[in-house]
Ligand code: IPM
Ligand code: MG
């Protein structure tokens, strides 16, 4: 019997609705009898602010440190627009990433065949698309100091964010990207802005060195981040793995996500370095946000959240057969023509968040029968 400790952080907005569907899948796995997931639930984001006045408590952080994996929904919403910057909902997410050392964010953009037509690009451009964005997640402009707004006293203010990278941070994320590329299409595009940024110059230098020294069997292309954005919507299938910094990764992964038909489809895994026992801290979250405009209406697509849980099965629990099964259940449900609003097409059947969860559970039942 394998046992895993999960910390479930639904967060805000649609986060709670889509996490309910993951809870149901976890309950289903527990009933199967050969795996046990021990789950703790806690608050993050605006929900934590309302209850505790901060975006995540130290107690929740302690649970996150101990868990085999953190399953994270989404945070934020207009309700918390005016809370202090340090306590804004996103601060909870950033603290989890930083304190758990989750420097490698894997964002696969896979176009399910059944959804190729709901992409905003021509079907032939996205059919069969399978890109992996490897985003650096604990450095760069998100965390660089100084980060401040200074009152200049003459009615003017000065805002500073600091884009900062050290060699080791680029080195380790490059290794993750090359390593994963070796298990896929053996092609890495490294995206930066070395034409205007010193961090881009160093990024280029370190990625090239790691490539030369340890991964010369993988094809490496350097690409300027703006060109990468353009190429992603021009001929997305030219890419296999894209490795890039925190900010460019945030933007490019939203672009890549939309190619697949909906932001509601894309999962992500955030991984740390392996400890002396080979264990890696990890958090799994959908790429999309808390979508306050549709929260509480049963309209949210739970697939990105469920696929994020499947990534937890694969990367944190070493349960690849179970992960494959969840992915297959999702693909089958899409093949049957069931759709939440974000991926609705003519002639398909519109269903709610919980109906999507039920359909996926039914598929899981069929797959184990
Ligand atoms: C993401 C999100 C976050 C980010 C926000 C919510 C802080 O956009 O995970 O892509 O910018 O990293
Ligand atoms: Mg983002």
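So, residue 241, is that one surrounded by 19 or more Cβ atoms within 10 Å (Cβ to Cβ), touching a helix residue (DSSP H, G or I) at 6+ places or on another chain (Cβ under 9 Å), under 15 Å from residue 107 (Cβ atoms) and touching a residue at least 24 places away in the same chain (Cβ under 8 Å) or not? Judged against the criteria, residue 241 is a match. Kindly indicate whether residue 88 is at pLDDT 95 or above, under 26 Å from residue 168 (Cβ atoms) and crowded, with 18+ Cβ neighbours inside 10 Å. Answer is no for this residue. When the residues of the range 24-59 are filtered to those that are part of a helix (DSSP H, G or I) and within 20 Å of the chain's Cα centre (by Cα), the one that is farthest from residue 271 (Cα to Cα) is 46. Exactly one residue among 331, 310, 321 is in a helix (DSSP H, G or I), closer than 21 Å to residue 285 by Cα and within 18 Å of the chain's Cα centre (by Cα), and that residue is 310. Can you tell me which residues in the range 52-78 are closer than 22 Å to residue 302 by Cα, away from ligand 2 (no atom under 16 Å from the Cβ) and buried (at least 24 other Cβ atoms within 10 Å of the Cβ)? 69, 70, 71 - these are the residues of the range 52-78 that are closer than 22 Å to residue 302 by Cα, away from ligand 2 (no atom under 16 Å from the Cβ) and buried (at least 24 other Cβ atoms within 10 Å of the Cβ). Scanning the range 335-360 for residues that are crowded, with 18+ Cβ neighbours inside 10 Å and at pLDDT 95 or above yields 338, 339, 340, 351, 353, 356, 357, 359, 360. Taken over the range 132-162, the criterion of being under 30 Å from residue 237 (Cα atoms) and not in a strand (DSSP E or B) is satisfied by 137, 138, 139, 140, 141, 142. Close Cβ contacts (under 8 Å, 6 or more residues apart or on different chains) running from residues in the range 85-97 that are touching a residue at least 12 places away in the same chain (Cβ under 8 Å) to residues that are in a helix (DSSP H, G or I) and within 14 Å of ligand 2 (Cβ to nearest atom) comprise 94/142.
Could you say whether any residue in the range 218-227 is in a loop (DSSP other than H, G, I, E, B), away from ligand 2 (no atom under 14 Å from the Cβ) and under 19 Å from the mean Cα position of the chain (by Cα)? No, the conditions are met nowhere in the range 218-227. Scanning the range 172-197 for residues that are farther than 15 Å from residue 242 by Cα and surrounded by 15 or more Cβ atoms within 10 Å (Cβ to Cβ) gives 194, 197. The selection criterion, being more than 16 Å from ligand 1 (Cβ to nearest atom), surrounded by fewer than 14 Cβ atoms within 10 Å (Cβ to Cβ), modelled with pLDDT of 95 or more and more than 19 Å from residue 242 (Cβ to Cβ), holds for residue 150. One residue alone among 282, 295, 256, 273 is within 13 Å of ligand 1 (Cβ to nearest atom) and in contact with a helix residue (DSSP H, G or I) (Cβ under 8 Å, 6 or more places away or on another chain), and that residue is 256.
Only one entry of 74, 47, 59 meets the criterion of being out of contact with any strand residue (DSSP E or B) (no Cβ under 6 Å at 6 or more places or on another chain) and within 16 Å of ligand 1 (Cβ to nearest atom), and that entry is 47. Only one entry in 302, 267 is within 15 Å of the chain's Cα centre (by Cα), more than 16 Å from ligand 2 (Cβ to nearest atom) and under 23 Å from residue 89 (Cβ atoms), namely 302. Among the residues of the range 269-284, is there at least one that is in a helix (DSSP H, G or I) and closer than 20 Å to residue 133 by Cβ? Checked against the condition, which is being in a helix (DSSP H, G or I) and closer than 20 Å to residue 133 by Cβ, the range 269-284 yields no hits at all.
The values are calculated or read from the model by the stated rules, or taken from the named source; none is laboratory data. This structure is a prediction, so every number in the text was calculated from the model and none was measured. Glycine gets a Cβ as well: all are built from the backbone with ideal geometry, and neighbour counts include every protein chain shown.
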